[in-house]
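Values quoted throughout were computed directly from the atomic coordinates according to the rules given, and no laboratory measurement underlies them. This structure is a prediction, so every number in the text was calculated from the model and none was measured. Cβ placement follows ideal geometry from the backbone for every residue including glycine, while neighbour counts extend to all protein chains displayed.
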Amino acid sequence: MGTGTQPCLLAAGVQSDHGHNPLKRAGRLRARNCQSAFPLTPLPPLFVPSGSAATKGSLAMSTITTRDGTEIFYKDWGQGQALVFHHGWPLSADDWDAQLMFFLDQGYRVIAHDRCGHGRSTQTAVGNDMDTYVADAVELTDALDLRDAVHIGHSTGGGEVARYVVQAKPGRVAKAVLISAVAPLMVEIDANPGGTPKAVFDEVRRRTAANRAQFFVDFTLPFYGYNRDGAEVKEGVRRNWWRQGMMGGVKAQYDCIAAFSETDFTEDLKRIEVPTLVMHGEDDQVVPFADAGAFSAKLIPGVVLKFYPGFPHGMPTTRAEQINADLLAWASPPAGWRGGIRASRCHADP
């Protein structure tokens, strides 16, 4: 995939040794609630925009049960054009809060689910792989009978979207968006000499299994670019990331590291037939831009690429205003646009 810079996982205390914690496979486990280690302050009442889709449709949070008995939690709010959001590792549908509220107010129907093993879905001990994630997404969209939906994926969720859209039933998908996505392939192999050495992911596995509570706190720094000089660190954002991570099952999160780092999406990207937007921050320390967003854009027919100087991996949160505006423009393209490869560089304050 070229010779881009390596992810700055070392900024989260990751060392490139080969630590490994063998975890035995077991039966499926039910999700349990966990309480934050951070002291919390009272929050104001939830703001629901006046006159928005929230007052016209439902504000539903529910589950489906897949064929193998896994419960998948999802939110389904509002009416209108459906936007489906796929989250990253090791988070949940809550990572899309800024997008769900924005697009709900714009009159869209917004849907986001917790991947198996993550958030409020079943804490699965097996089946924590990309093919199963996609199969669950297929079952969810079938259950909701979604038509002409726009599927938006961040990080691991971007890989999930890339594979889902080529497997979805005809008429299910109108467009796709890959944000800071792990596609086409993260790990370094002979066919991908510019990838990240496997030893880095081995260390992520080791720290996740040994003490994920501390590792997740550390990982928020490169994730949001908070380790950069002059960065405005928002502790609430860091704590919310930690909260989401600790809601999921450690075994599923451990397995997911292989799913996001070793799954090759090259052929999926080549087969995408719907209009696709690729968005990536140039200062992504987790999934380097040159070997992900820029390379994916060369593989997807008729892609539109938007790249952002100085933006971090977690830009949907730290740069929500810019990302939401660009997503809105993509969901509602100018009249007469017929597709074709386009690339633009967004100029924004660092």
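Of the GluC sites (Glu not before Pro) in region 202-261, the ones in a loop by DSSP (not H, G, I, E or B) with at most 11 other beta carbons within 10 Å are E232. With the simple spin-label model, which puts each label point 7 Å out from Cα in the Cβ direction, the E273 to Q214 separation comes to 5.2 nm.
A simple spin-label model places the labels of D145 and V233 5.1 nm from each other, with each point 7 Å out along Cα-to-Cβ. Net length available on complete extension from A191 to A98 is 29.7 nm, with 0.36 nm assigned per residue and the Cα-Cα distance removed.
Taking every DSSP beta bridge that has both residues in region 63-216, what percent is antiparallel when rounded to the nearest 5? Around 35 percent antiparallel, to the nearest 5. Just to confirm my numbers, what's the Cα centroid distance between region 282-300 and region 97-140 in Å? Centre-to-centre distance over Cα atoms comes out at 23 Å.
When the square roots of the Cα gyration tensor eigenvalues are ordered a ≥ b ≥ c, the ratio a/c for region 202-312 is 1.5 or more and a/b does not exceed b/c, which makes its shape oblate. Cross-link pairs exceeding 21 Å between alpha carbons, from the set K198/K234; K175/K270; K175/K298; K198/K251; K270/K298: K198/K234. Gain on full extension, evaluated as 0.36 nm per residue between R67 and A258 minus their Cα-Cα distance, stands at 66.4 nm.
Over all directions, how big on average is the projection of the convex hull of the alpha-carbon atoms in region 158-215, in square nanometres? The number I arrive at for region 158-215 is 6.0 nm². Potential lengthening of the chain between Q79 and K298 amounts to 75.4 nm, from the contour at 0.36 nm per residue minus the alpha-carbon distance. A DSSP coil position with no more than 16 other Cβ atoms inside 10 Å describes the following trypsin sites (Lys or Arg not before Pro) in region 192-235: K234. With a ≥ b ≥ c the root eigenvalues of the C-alpha gyration tensor of region 124-170, is it rounded (a/c under 1.5), prolate (a/b larger than b/c) or oblate? It comes out oblate by the Cα gyration axes.
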